[in-house]
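These notes concern the structure reproduced below.
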Amino acid sequence: MDKPHFVRRWGVFGVCVLAAATCWFSVHVLRLAPFALATAYDDVLWRVDARWGPVASVSDADGDGLADLIAVRDDGAASVQRLEVLSSLDGRALRTLWRASGPDERVERFVALRSRSACEPTLVAFTVGTKGAPSRVEVVCASTGAPLERIAASPGATSVGCALACIPDLDGDGVDELALGARRRGGALDRDEGAELALGADVASHVSVLSGATRAELLRVDAPPGLSWIDVVDLAGVDQHGAPLWVVQFRSAEQATAQLRAGLTSGGVLLPSRLGPIRAAGDVDGDGVPDLVLDTDRDVDGWRHTPASVISGRTRARLFDLSFAGAPAYEGLTVGLGDLDGDGHADIGLGDPNFGRVSLFRSGMPGQTARFATASLSLLVQADTHPRSMSTETGCAIVYSGRTQRPIFGVWAPADSGVGLGRALLALPDISGDGAPDVLLATGRELRAYRGPGR
């Protein structure tokens, strides 16, 4: 073996070793995942065809050891809604908790509350809006669907249910509390969703925190004058004294104010607040304190133009911004998903059903659709949107690492499909068996479970 051949041989070997070491260091130490690809739209773990409304996670309902789902399903051509418990393992319906009496009854939002009763470990409270009649809040048992309580309105009373949230046990009785947003009836904003509660016609916009056990009012937070949109958020964390952390936000089309509260304290820490809404982000920066996402779903012309900002729960400083794939994103949503990739930092999901993906040839000429499923995530998040309507286009959903702010998961619906992927975005338990959480997405037509980004 002559010297030049020896040098060339070990030179190639050295380059291979260096490349392998660089890739290992990038993925396992820096966690950059430079070659992350989009997930193919049809590469699903399971899917359920139906028109779906809100969807959320609930405790194990079928005894398989995995948290299950609660979802609102439109029942057939009659468009009669049902509130159902679904298995997270395969999407099958386990039970129906409530069924509308007709198409005019709609479930607008719901929350699950932990109960101290062994026979009713989880309660579900939901707002039912009724066309042309007062709305109401229903409380049912999650394990049986048995109705437990109806919170109804007296004529002319305040509109309640425009916000609905579960706040962890504040009074020490072992039951989570129910927070209800309330506002006066008769204003322009009352065309939005809302339930009715007999709190009296003299009550201005406010949040009432009701005991989960007795429904007695534990706390009331009044809104500043002129701010009638209400958001209440459980941050899923506690302060240094063990008091649950939660946020209440009041806003209008022009201004907003938000408070970070601990337990039943009478006052709160003011948060930086654009137009909102504020959402729970989980511990994004890894400091042990839950953080927040400050979204912007209204602007002067009714469209979202600005990115979502992740805010430190400890310092209230802005950590970073995330932009939607399709800007302006009229129906986009921002969701804290917990730690999907196992790096100790919560990750953030952005769903954008208004993202408009089109074929390569838009003029009717023959051509093939761009193959998004084989492309790099870092390139796809820069793709242009071509919306054709103000509501639903093809849609997409992207998950960003809380540690690096790089995309770690993404799905784009087929071009020109109009399915509106990204209407819901939720972390699932590990149903794929790879040891990491998976991801649930919703279109206007189905729920779709995907393998998560993994560890």
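A compact table of results
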item: Contacts under 6 angstrom Cβ, first residue in segment 241-263 being over 16 Å from V221 (Cβ atoms), partner of a type in the set (G, A, S) and open to solvent by 30 Å² or more (accessible area, probe 1.4 Å), 6 or more apart; result: S252/G226
item: Subset of segment 55-90 (residues that are surrounded by fewer than 17 Cβ atoms within 10 Å (Cβ to Cβ), in contact (Cβ under 8 Å) with a residue 12 or more places away in the chain, under 25 Å from V128 (Cβ atoms) and not aliphatic (A, V, I, L, M)); result: S57, S59, D75, S79
item: Hey, R95 surrounded by fewer than 21 Cβ atoms within 10 Å (Cβ to Cβ), modelled with pLDDT of 80 or more and among the basic types (K, R) or not; result: yes
item: Residue that is open to solvent by less than 30 Å² (accessible area, probe 1.4 Å), at pLDDT 80 or above and of a type in the set (D, E), where the choices are D171, D176, D222; result: D176
item: Subset of segment 399-455 (residues that are of a type in the set (D, E, K, R), in contact with a Gly (Cβ under 6 Å, 6 or more places away or on another chain) and open to solvent by less than 30 Å² (accessible area, probe 1.4 Å)); result: D438
item: Segment 226-245: number of residues that are more than 16 Å from D283 (Cβ to Cβ) and in a strand (DSSP E or B); result: 4
item: Flag if V111 is modelled with pLDDT under 80, part of a strand (DSSP E or B) and surrounded by 13 or more Cβ atoms within 10 Å (Cβ to Cβ); result: no
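The values are calculated or read from the model by the stated rules, or taken from the named source; none is laboratory data. A quick note: this is a predicted structure, and the numbers were derived from the prediction, not measured. Using ideal geometry, Cβ is built from the backbone for each residue, glycine included, and neighbour counts are taken over all protein chains shown. What goes into the accessible areas is simple: the full protein's heavy atoms, side chains included, and nothing from ligands, DNA or RNA. Shrake-Rupley method; radii C 1.70, N 1.55, O 1.52, S 1.80 Å.
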